[in-house]
1. Given the structure, is I25 part of a strand (DSSP E or B), loosely packed, with under 15 Cβ neighbours inside 10 Å, modelled with pLDDT of 90 or more and within 23 Å of the chain's Cα centre (by Cα)?
2. Check every one of the helices (runs of 4 or more DSSP H) wholly within segment 120-193 and list those with 2 or more residues that are without any contact (Cβ under 8 Å) to a residue 24 or more places away in the chain and surrounded by fewer than 19 Cβ atoms within 10 Å (Cβ to Cβ).
3. State which residue is surrounded by the fewest Cβ atoms within 10 Å (Cβ to Cβ) when the search covers only segment 59-87 and only residues that are under 18 Å from R20 (Cα atoms) and of a type in the set (V, I, T).
4. Consider I75 carefully, then state whether it is closer than 30 Å to A196 by Cβ, of a type in the set (V, I, T), at pLDDT below 90 and under 26 Å from the mean Cα position of the chain (by Cα).
5. Listed residues D56, D51; which is surrounded by fewer than 17 Cβ atoms within 10 Å (Cβ to Cβ), modelled with pLDDT of 90 or more and in contact with a helix residue (DSSP H, G or I) (Cβ under 6 Å, 6 or more places away or on another chain)?
6. Evaluate the following for E99: is it buried (at least 18 other Cβ atoms within 10 Å of the Cβ) and outside any helix (DSSP H, G or I)?
7. The conditions are (1) at pLDDT below 90; (2) under 28 Å from G77 (Cβ atoms), and T15 fails exactly one of them. Which is it?
8. Could you identify the single residue in I30, I80, I40 that is assigned by TED's automatic domain parsing to the domain that holds I165 and assigned to a strand (DSSP E or B)?
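The values are calculated or read from the model by the stated rules, or taken from the named source; none is laboratory data. Computed from a predicted structure; not experimentally measured. Methodologically, a virtual Cβ is constructed for each residue, glycine included, from the backbone with ideal geometry; neighbour enumeration extends over all protein chains shown.
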Amino acid sequence: MIQTVNGPGVLHQLTGVIARHAGDIRSVSIVEDQPVTTRIYFELDLPALPDALIEDLSALEVVQAVTQVQSLQKIYGKRIIIMGGGAQVGQVALGAIAEADRHNIRGEHISVDTIPLVGEQALAAAVRAVLRLPRVRALVLAGSLMGGDIETAVREVRREGLLVISLNMAGSVPDASDLVITDPVQAGVMAVMAVADTAKFTIDRLHRRVF
């Protein structure tokens, strides 16, 4: 986590120092952007201990503080996103959170995010935006009717390797999804099981895709 003055070219200076230390940037985000200062978060793969990198970053005139922190991957781990109608989102989250707790106490790191949304365009945009979120491994679509551009968006994100689980609903989204589950609580449970390293369940071994 790096606190810097706010201005053009700051990110260029930081990444230049990281590159000189052969750092591979896995993730970067501007955590706080104030008129005078900003905080920038990097997740890096480094070939050596970070002490020399921290020293060189701290020596930059634009840098006010450098703090080594645990990565979000280490703390929050894999993410599951649940979106759709509020009542159904809540029921899916109920199953996902309960199942995630069971795996997390055994050493996993799985977090669950929800967003109640209505409307074809809003949902389609949200589905596509999931690819821009870090660490997302699965998307659960919870609603009564989804189709049209939402189906197109589902097919797009699946082509990029994202697992998509749909409730058994009206519309064409279930036909485009990896897995279709009628019970929302079970949908949340199976989403967690599908991404957990501590589970032996894999979707590829299922003989049917609708439950």
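1. Details: part of a strand (DSSP E or B): yes; loosely packed, with under 15 Cβ neighbours inside 10 Å: yes; modelled with pLDDT of 90 or more: yes; within 23 Å of the chain's Cα centre (by Cα): yes.
It is true that I25 is part of a strand (DSSP E or B), loosely packed, with under 15 Cβ neighbours inside 10 Å, modelled with pLDDT of 90 or more and within 23 Å of the chain's Cα centre (by Cα).
2. Numbers: elements: 120-129, 149-159, 173-176.
Output list reads 120-129, 149-159.
3. For segment 59-87, the residue satisfying everything is V62.
4. Numbers: closer than 30 Å to A196 by Cβ: yes; of a type in the set (V, I, T): yes; at pLDDT below 90: yes; under 26 Å from the mean Cα position of the chain (by Cα): yes.
Judged against the criteria, I75 is a match.
5. Numbers: D51 fails: in contact with a helix residue (DSSP H, G or I) (Cβ under 6 Å, 6 or more places away or on another chain).
Going through D56, D51 in turn, just one is surrounded by fewer than 17 Cβ atoms within 10 Å (Cβ to Cβ), modelled with pLDDT of 90 or more and in contact with a helix residue (DSSP H, G or I) (Cβ under 6 Å, 6 or more places away or on another chain): D56.
6. So E99 does not fit the description; no.
7. Condition (1) is where T15 drops out.
8. The unique qualifying residue is I80.
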